[in-house]
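What follows is one structure encoded as structure tokens, with my remarks underneath.
Read the figures in this text as sums done on the coordinates, not as results from a lab. Note that the structure is predicted; figures quoted are calculated from it, not measured. Glycine also receives a Cβ, built like all others from the backbone with ideal geometry; neighbour counts cover every protein chain displayed.
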Amino acid sequence: MKVLLTTGFLLSSLGMAYADIAYTITMEEGGNGIQVEMVIPSKGEAVQLQIPNWAPGSYRLAENYKRIADVTAVRAGRSAEVVKKDNNTWEVSGGTQGDVRLRYKVASGPVTTRTHITGPANYLYVKDRLKEACTLNFKLPNEWRATCGLEEKNKGFVAPDYDTLADNPVTVGVFESDYYTYNGVKHEIAYYGGDVSTVDRKVVLEYCQKVTDAESRFWGGLPFKKYVWHFTILPSADGGWGLEHLSSTTMGIARGVGQGTVSVMAHEYFHAWNVKRIRSSVLGPFNYLELPKTGALWLLEGVTDYYADMLLYRYGIFDEAYFLRNIVSNTRTTRANAERMNVSPYDSSYRVGEAANGQGNSSGFGVNYYNTGWLVGLVLDIEIRTKTSGKKSLDDVMYALYEQCKNGKAGFQEGDIRKHLIAVGGPDMGQVYDEWVLKPGELPVESQLMKFGYEMKTTQEPYDDPGFQFFPGRTGTVTVSRDADELGLKRGDEILSVNGVAKASDPAEARNVMTSWQELMKAGATVEVEFQRGEEKFTKSITVKQAHRDVLTVEPLASSSSDVKNLRKSWSIPTG
């Protein structure tokens, strides 16, 4: 994404210089959505405006046009006709030279004292004028404020172009914030949703600082002048979700702030380099009406996931056991999907727009490019380190891509990843790339790990089997995770109680209650389990059996040579 333009963009076709395109958002507590006013410099020509049909980072069609209403315009003080040309396009008729003032409403539900606004879903843009500088201002109730990753100026925000404006979501209202500065760069943690009183903000702050330190050291500095963590608190013990932005991230974080939560933090922060600066050429500047086609999402998302976990280990935030568990979990998840034998990592990325009947999704076509890309990153990293006796690694490929794309340069072409792999690891890496990225099939995780002195093996362990599987959801409910025909249970049936021990009333306690249930369901025991399916409640008497299951583990081999142990150790040596 180019961020060099700071003044009006010269429209050569009109032979004139435009001033900034100004956005003003008006919000009132309890209001039903937001009102947006755009001031668009014009010399009298007709002006076409469009709303994005997808959001960068989320590769699915969003149909944002359905939320836009009451579009009106005034040109030089007089009402101007607005015609809707298609779902995503409105045209203001031509007329007298002067600013066009366009107003519209965005239906977003009731406005609360803590609100989060995303650019692509709310900001119309002037067609063919996305490179012009923009300003963003707010009319808010007393005591309210707004924060985002954009530069602040004149009590508002400024952006060098629409892409930058749209890629900086805003938290608005009366909300809690924490701050820290790293190497002169101010970071804000803004809590825009959830019950903030349930999370330990000091722990969140500590992990944000640790992630910033680790990844800044890895990359050799920060690529932005300020950064905002936009957080909503989830009522769960671990995990979360996130969407990356140019100098911020929007995340849901579990109030337990477990290792899974920190992994999501590390993933989203790493995106400030990989996706937002290192990017395929179609990922900025953007075509906001059509989903992009790039075969590199396995690298942009999956390898980001790999580095998030590996750097948490490398910089001592978590231990080796954490990293090895992630090797296991990503291997199991990837191999649970038979489509890996039919769809390559490249095609999973390139064909993402074909998923969900052409609506797209954020995980890939056929196979998931997150866990698959995690494994591709692992095997490529090991291959380079082995071929170069530890002198080079996948790090060097990432650094080369960053050098190619940083400071507003054009994104890379599809074949550039292969070229950088060859430059770093030697000519054989071309064939390796073709085999592991361009072709479907099993990734050689076991044989690659052996090069580092690790053994991946499958063993059997006994377990107590009630005849059905269950898991806790985000809302605290515990449900059957797959059909259990012998017991007449269906996926989604909710467990209400086991031997009279009722489900959790507090979502954060769901896992504790589930642990209590598991203690009751020991082999040989008969338990009374109450379920609910829709409006129906029913109880089943279930006898728990002992069964055996496969367990995948990764363990270091004590018999490894010193050279192999040194290669293994290279993963954990901090850089920078």
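Quote the relative contact order of segment 467-543 in percent (integer), defining contacts as alpha-carbon pairs under 8 Å separated by 6+ residues.
Numbers: 136 pairs, mean separation 18.9, N = 77.
Dividing the mean separation by the residue count of segment 467-543 yields 24 percent.
For segment 285-299, just list the computed ³J(HN,Hα) in residue order, Karplus coefficients 6.51, -1.76 and 1.60, θ = phi - 60°, integers in Hz, with x standing in for Gly and Pro.
Residue by residue, segment 285-299 yields x, 9, 9, 7, 9, 10, 5, x, 10, 9, x, 10, 5, 4, 7 Hz.
Would you grab the residues whose amide H sits under 5 Å from the one on Thr113? Only those 5+ places off in sequence or on another chain, please, with H modelled 1.01 Å from N.
Residues meeting the amide H criterion: none.
Please work out the C-alpha center-to-center distance from segment 62-110 to segment 548-576 and express it in whole Å.
60
Hey, which aspartates and glutamates would be in cross-link range of Lys293, C-alpha to C-alpha under 15 Å, not counting anything within fewer than 8 residues on its own chain?
Filter leaves Glu301, Asp347, Glu354, Glu414.
Between segment 523-543 and segment 335-389, what's the alpha-carbon centroid distance in Å?
When both Cα centres are located, 40 Å separates them.
Long-range amide H contacts for Ala55: which residues qualify at under 5 Å (H placed 1.01 Å from N, peptide plane, sequence gap of 5 or more or a different chain)?
Under 5 Å from the amide H of Ala55: Arg60.
Measuring from centroid to centroid over Cα atoms, what is the spacing of segment 493-507 and segment 247-298 in Å?
36
Relative contact order for segment 194-280: what is it in percent, counting Cα pairs under 8 Å that are at least 6 residues apart?
Values: 125 pairs, mean separation 25.0, N = 87.
RCO, segment 194-280: 29 percent.
Percent of Cα-Cα pairs more than 43 Å apart in the chain, please. If you can, show how the numbers build up before the last one.
Details: 45058 of 165600 pairs.
The calculated P(r) of the chain puts 27 percent of pairs beyond 43 Å.
Using amide H atoms built in the peptide plane, which far-off residues or other-chain residues are under 5 Å from Ser236 H to H?
Here Arg255, Gly256 satisfy the definition.
Take the Cα atoms of segment 276-413, find their three principal axes, and give me the spread along each one in whole Å, biggest first.
Principal extents (Cα only, largest first): 43, 40, 28 Å.
With θ set to phi - 60°, apply the Karplus curve 6.51 cos²θ - 1.76 cosθ + 1.60 along segment 149-154 and write out the HN-Hα couplings as whole Hz, x wherever there is a Gly or Pro.
With coefficients 6.51, -1.76 and 1.60, one gets x, 7, 5, 8, 7, 6 Hz.
Mind listing which GluC sites (Glu not before Pro) in segment 515-576 are in a DSSP loop and have 15 or fewer other Cβ atoms within 10 Å? Can you show the working numbers first?
Numbers: sites: Glu519, Glu528, Glu530, Glu535, Glu536; in loops: Glu535.
The qualifying sites are Glu535.
How large is ³J(HN,Hα), in whole Hz, for each residue of segment 369-376 in order, when computed from phi with the Karplus curve 6.51 cos²θ - 1.76 cosθ + 1.60 and θ = phi - 60°, using x for Gly and Pro?
These are the phi-based 3J(HN,Hα) values: 6, 6, 5, 5, x, 4, 5, 4 Hz.
Setting aside same-chain residues fewer than 8 positions from Lys503, which lysines have a Cα under 17 Å from its Cα?
Lys537, Lys540
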